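A short worksheet on the structure shown next.
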Amino acid sequence: MHRLFPNKHRKQLGFFYAEVLLSVILLAVLLVPAMQSLNSAIAGNSSGLAANQLNLRSKMEETLSNPFNELYSKASTSDTTTASSFSDTAGATNRRIVVLYRYDVATSALSSNDTGLIYVSVYYETKGSEGALNTLVGRWW
């Protein structure tokens, strides 16, 4: 009998459909301007530092996709400023320079010895090595 006629004074659990609907509508109305401002902030920043770093990263990945032996054969042993053949063509706008040199961890400097490590640096020609993207590449990894 208790189940057929529930107690009218029992506390109701959960939400009404109207409450859920109202909260979803309010959330949607408030999120649209927030998402638009976020989108414009991201789009406004794309011509700045983020886009530059993305272009450098793209060039770095393009360079590192080559076999290690090819990179190692083109790595410099005496000059860290010589652009490698992996750099963008001369005269290109926003030319990205790729510099490869053999690296010795013990001395933290370039080496003419066979160290099995290459220090790779990618930067914009107009900015010099300021803001460069750098990494070490090893023969064994």
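The values are calculated or read from the model by the stated rules, or taken from the named source; none is laboratory data. Remember, it's a predicted structure, so these values are computed and weren't measured experimentally. Every residue, glycine as well, gets a Cβ built from its backbone with ideal geometry; the counts of neighbours run over all protein chains shown. Each accessible area value is taken on the protein alone, full model and side chains, heavy atoms only, with ligands, DNA and RNA left out. Shrake-Rupley method; radii C 1.70, N 1.55, O 1.52, S 1.80 Å.
Taking the criterion of being of a type in the set (V, I, T) and farther than 25 Å from Q53 by Cα, the residues of the range 80-121 that qualify are V105, T107, T115. Looking only at residues in the range 51-71 that are without any contact (Cβ under 8 Å) to a residue 40 or more places away in the chain and open to solvent by 70 Å² or more (accessible area, probe 1.4 Å), which one is nearest to I118 (Cα to Cα)? Checked the range 51-71; the qualifying residue nearest to I118 (Cα to Cα) is N69.
If you scan the range 110-138, which residues turn out to be over 24 Å from the mean Cα position of the chain (by Cα) and open to solvent by 40 Å² or more (accessible area, probe 1.4 Å)? Steps first, please.
Keep residues of the range 110-138 that are over 24 Å from the mean Cα position of the chain (by Cα), which gives 110-116.
Across the range 110-138, the qualifying residues are L110, S112, N113, D114.
Of the residues contained in the range 105-113, one or more are found to be β-branched (V, I, T) and over 20 Å from K59 (Cα atoms). Just so you know, in the range 72-91 the residues that are of a type outside the set (V, I, T) and open to solvent by 70 Å² or more (accessible area, probe 1.4 Å) include one that is modelled with the lowest pLDDT, and it is S78.
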